[in-house]
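Structure, as structure tokens:
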Amino acid sequence: MTLQDALVAFKTYARAEGKSLKTIQWVTSSVGYFAEFLGPEQQNIAGITGDDLRRFIIALQKTHKYIHHPYNKPQPHKLAPHSIQTYCRAVRAFFGYLYREGFVEANPMEKVKMPKVPETIVPTLSEKEVERLLDQPNKRSDEGFRDYAIILTLVDTGMRLGELADLKADNVDYDQSCLRVMGKGSRERLVPFGRRVAKALMKYQLKHRPQPLSTDHFWLRRDGQALSASRIEKIMSTYGNKAGLKRCYAHKLRHTSSVMYLRNGGDVFSLQRKLGHKSLAMTRRYSNLSDSDVRNQHLRYGVADRLKL
């Protein structure tokens, strides 16, 4: 069986198991790059070894950004360690599937260690930057108020961009002050929102939301069609530029919301449920708030300054 034949089988099995389209695309594109790296003479899955994946990792470490991108031109910068690990995790998951389904006698990737990803400080906005961002939309116009409500919702709830874009009108519960969203892995959860967001959502829905056309999505364009995730991302970038912010995107607001939640006294366990993280390890990243938090805490509780010398 060739890698291409195995990919066709994987797509069928993944759809039958209810895997998301995003997950299927992630695996198929990554395995496609791996197959391209191996070349036409090494496509039989029975002959592929763990060393092939290790050689792939080394090749990726020398690869420039956007080398496979259909629109963006290749950049002088090398692929980020996180991107390399993402490709390799997909290849390993793919061969795990081949082993489980009996297409290979053993999983050759099982003992291949994934390349390490350096731990970096989560990029966030300050409170003043968030306030500046919220000041940008023209709240007197229909689209401006919609954009204001979107930013406020992202900041307050920390929900993912895809969850926000896919939000249905019937899934906004004003009585319970929560949004019913479908997260990663088809896991549904309730995301709470505060009083200010409740007022913004209600006002958008009653006064500024256009008549929907053949859609039950909550966030709509001017023509009544659903507002796409890519369009929301562009809106964030535009307002971020106007506010003079360095790179503004929806996931950065998710980071910001999480860090502010902890700074305001929230705990990682409730934050984990709010964000929809499967494990607490991901949520704990937000506990390492920032260098400034560590510095401020040290000024209050530093050891040497409290000695009676």
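The rows are residues; the columns are (1) touching a helix residue (DSSP H, G or I) at 6+ places or on another chain (Cβ under 8 Å); (2) free of Cβ contacts under 8 Å to residues at least 12 places away in the same chain; (3) of a type in the set (A, V, I, L, M, F, W, C).
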{"residue": "Ala90", "(1), (2), (3)": "yes, no, yes"}
{"residue": "Ala106", "(1), (2), (3)": "yes, yes, yes"}
{"residue": "Pro115", "(1), (2), (3)": "yes, no, no"}
{"residue": "Leu134", "(1), (2), (3)": "yes, no, yes"}
{"residue": "Asn138", "(1), (2), (3)": "yes, yes, no"}
{"residue": "Asp142", "(1), (2), (3)": "yes, no, no"}
{"residue": "Thr157", "(1), (2), (3)": "yes, no, no"}
{"residue": "Gly162", "(1), (2), (3)": "yes, no, no"}
{"residue": "Asn171", "(1), (2), (3)": "no, no, no"}
Legend entry - All positions within region 23-58 that are aliphatic (A, V, I, L, M) and in a helix (DSSP H, G or I): Ile24, Val27, Val31, Ala35, Leu38, Ile45, Ala46, Leu53, Ile57, Ile58
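Could you please find all residues in region 96-121 being acidic (Asp, Glu) and either loosely packed, with under 12 Cβ neighbours inside 10 Å or touching a Gly at 6+ places or on another chain (Cβ under 6 Å) (or both)?
Here is the first cut: in region 96-121, the ones acidic (Asp, Glu) are 101, 105, 110, 119.
Hits for region 96-121 are Glu105, Glu110, Glu119.
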Legend entry - Residue list for region 130-167, filter: over 15 Å from Lys252 (Cα atoms) and outside any helix (DSSP H, G or I): Asp135, Gln136, Pro137, Asn138, Lys139, Arg140, Ser141, Asp166, Leu167
Inset, instruction - Considering every residue within region 48-63, establish whether at least one is closer than 16 Å to Ala6 by Cα and either small (Gly, Ala, Ser) or at pLDDT 85 or above (or both). - result: yes
Inset, instruction - Find the residue count for region 240-264, including only residues that are surrounded by fewer than 22 Cβ atoms within 10 Å (Cβ to Cβ) and of a type in the set (Ser, Thr, Tyr). - result: 2
Inset, instruction - Quickly run through region 117-129 and pick out the residues that are touching a helix residue (DSSP H, G or I) at 6+ places or on another chain (Cβ under 6 Å) and among the aliphatic types (A, V, I, L, M). - result: Val117, Val122, Leu125
Inset, instruction - Within region 84-121, track down each residue that is closer than 13 Å to Phe56 by Cα and in a helix (DSSP H, G or I). - result: Ile84, Gln85, Thr86, Tyr87, Cys88, Arg89, Ala90, Val91, Arg92
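The values are calculated or read from the model by the stated rules, or taken from the named source; none is laboratory data. What you see is a predicted model, and the numbers here were worked out from it, not measured in a lab. Positions of Cβ are generated from backbone atoms using ideal geometry, with glycine treated the same way; all protein chains shown enter the neighbour counts.
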